[in-house]
Structure formats: structure tokens, C-alpha cells
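K.L.:
Below are the C-alpha cells for one structure; questions will follow.
The values are calculated or read from the model by the stated rules, or taken from the named source; none is laboratory data. If you're wondering where the values come from, they're calculated on a predicted model, not measured in any experiment. When we count neighbours, we look across all protein chains shown, and the Cβ atoms used for this are built from the backbone with ideal geometry, even at glycine. With ligands, DNA and RNA removed, areas are computed over all heavy atoms of the protein, side chains included. Shrake-Rupley method; radii C 1.70, N 1.55, O 1.52, S 1.80 Å.
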Amino acid sequence: MNEAMRSNTTTELFRYWNTIRGKRELPRRDELEPSDIRMLLPNLFILERDRNAGISFRLAGTQVCALFGQELRGRQFGMLWLGSQAAKTHRITGQVMTHRVPLVLSAKGRTADAREVDIETLLLPLASSEGESDRVLGALSPLSRPYWLHATAIECLDATGMKVLDPDRTAVFREEEAQQPSGTVAKSPATGAFSSEFRQFGHLRILEGGRRD
């Protein structure tokens with residue numbers, strides 16, 4: 001999985017998620033033991049569908065909040081992303097829940113004064129005690145530590161790519177993308193790379209998710 005993920009945090013969280021799910025599609029959220037991943041907690045978050053059909057932060061670690069210079073609990077996940085990427089990210093995160101597919105988003109974290117840092121975001125579906133996939137466990141990790149990090153807030157995330165981590169769920173993912181009206185795809189240069197990644201699955205790298213036999 002080193003080829004799929006560049007951050008130690010995302011790699012370790014994915015390994016933990018795989019371990020507790022075993023042969024199932026996803027683990028239940030009550031199976032998570034914070035003490036088992038305590039070193040990762042500052043960079044982790046949990047998303048949930050809210051009453052307005054949005055997808056918002058239920059919890060966000062201290063380092064995740066520090067990156068954006070604000071408390072993220074209750075804030076829409078999509079609003080961290082550049083321009084029309086907000087709607088695209090909302091839809092993709094919903095697919096993580098609906099299709100129970102883990103994935104990684106690559107992005108540039110951009111500040112108001114044009115500084116940037118590479119960021120890796122891992123999205124992992126979680127089930128309720130009844131087995132319904134209704135939340136996402138995630139990690140958001142900078143891939144370098146420039147001197148200004150946490151002193152200058154990231155204004156937005158500009159997505160550059162996506163990697164699906166479980167080939168067993170890729171078929172339904174493709175089918176839903178194919179059903180999207182062509183007019184819903186953003187055409188602006190600022191979001192072109194992101195839109196292309198989601199529209200044309202031939203450009204994605206589909207990587208093994210490590211399901212245990």
C-alpha cells in the first residue's frame with residue numbers, strides 16, 4: 001500500500017481499518033478503539049450526513065483544525081474545497097458511504113497569500129451498530145512541514161487526484177459516475193484536473209484494498 005498512500009498517518013489508519021473490518025466491507029464505528037490509534041488522533045476526523053442532507057464534520061482532530069485555523073465541528077466537508085469542487089467532493093464522500101468504498105484524495109492546500117502544501121486525505125466508510133454505512137472515518141495529512149504550517153491557515157484544498165482503494169467496489173462507483181448528466185461536470189481551469197479524475201475512470205489508478213481472505 002505504500003504505492004497508494006504517501007503519508008504514514010493515512011497508511012496506518014487504512015491498515016487499522018482493514019484489520020478491524022476483517023472479511024467484511026466495512027467495520028462498525030463502535031469497534032473503533034481510540035487508544036489503539038492515539039498517535040493518529042490529531043490528524044483524524046469523522047464525517048456524518050446531517051439533517052440538511054449535507055456531509056459535515058462530527059469530530060475533527062486538533063491538527064486538522066489547526067491547518068484551517070478554525071474549529072471544524074459542524075462545518076460542511078465540501079466547503080473546504082476550491083470552488084465547484086465543494087459539490088463534487090460532497091457527492092464523492094456520499095459515494096464512500098453508499099458504495100462502501102475507501103479512497104484517497106490528493107490535494108494542494110492553498111493559503112490566502114499563495115503558499116501551498118501537498119495534502120493527502122483518506123476517506124473510510126463506517127457502519128452503525130445496525131450495519132448501515134452512515135459515517136466516514138478520515139485522515140487529513142500534510143506531506144511536508146513548511147515553516148509556516150499551522151501559523152498561516154489553509155484557505156482551501158485544490159484537489160489533484162483520487163485513488164480508489166478497493167477494486168471490489170469500483171464497478172458500482174463507475175456506474176454511478178456514468179449516470180451523471182454531462183452538464184454537471186465543471187469546466188473551469190481551476191477545477192479541470194479534479195473534474196477529469198471523477199469523470200474519466202480510465203485515468204484513475206485502481207489499487208488493491210487489502211481485503212483479507
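K.L.:
Rounded, prolate or oblate for region 67-132? Axes are the square roots of the Cα gyration tensor eigenvalues, ordered a ≥ b ≥ c, and the cut-off for rounded is a/c under 1.5.
P.N.:
Prolate.
K.L.:
May I pose another question? How much net charge surrounds residue 50 when only other residues with a Cβ under 14 Å from its Cβ are counted (Lys, Arg +1; Asp, Glu -1)?
P.N.:
Charge balance in the 14 Å sphere: +4.
K.L.:
If you roll a 1.4 angstrom probe over the protein chains with everything in place, what fraction of the accessible area of region 1-106 belongs to carbon and sulfur, to the nearest %?
P.N.:
Exposed carbon and sulfur together represent 49 percent of the surface.
K.L.:
Once the convex hull of the alpha carbons of region 1-150 is built, what does its volume come to per residue, in cubic angstrom? The partial results should precede the final answer.
P.N.:
Numbers: hull volume 17.2 nm³, N = 150.
Per residue, the Cα convex hull of region 1-150 comes to 114 Å³.
K.L.:
For region 1-87, what is the relative contact order in percent, using Cα pairs closer than 8 Å and at least 6 residues apart in sequence?
P.N.:
Details: 83 pairs, mean separation 14.4, N = 87.
Relative CO of region 1-87 lands at 17 percent.
K.L.:
Probe of 1.4 angstrom, ligands and nucleic acids ignored: what's the accessible area per residue over region 46-142, in square angstrom?
P.N.:
37
K.L.:
Here's a follow-up. Roughly what would the spin-label model give for residue 147 and residue 116, points 7 Å off Cα along C-beta, in nm?
P.N.:
About 2.2 nm, to one decimal.
K.L.:
Can you give the local net charge around residue 127? Use residues other than it whose beta-carbon is closer than 13 angstrom to its beta-carbon, Lys and Arg +1, Asp and Glu -1.
P.N.:
Numbers: positive: 21, 24, 28, 29, 100, 135; negative: 25, 30, 31, 48, 130, 132, 134.
Overall, the nearby charge balance is -1.
K.L.:
Next up: On the full set of protein chains, 1.4 Å probe, figure out the accessible area of residue 156 and give it in Å² to the nearest 10.
P.N.:
20
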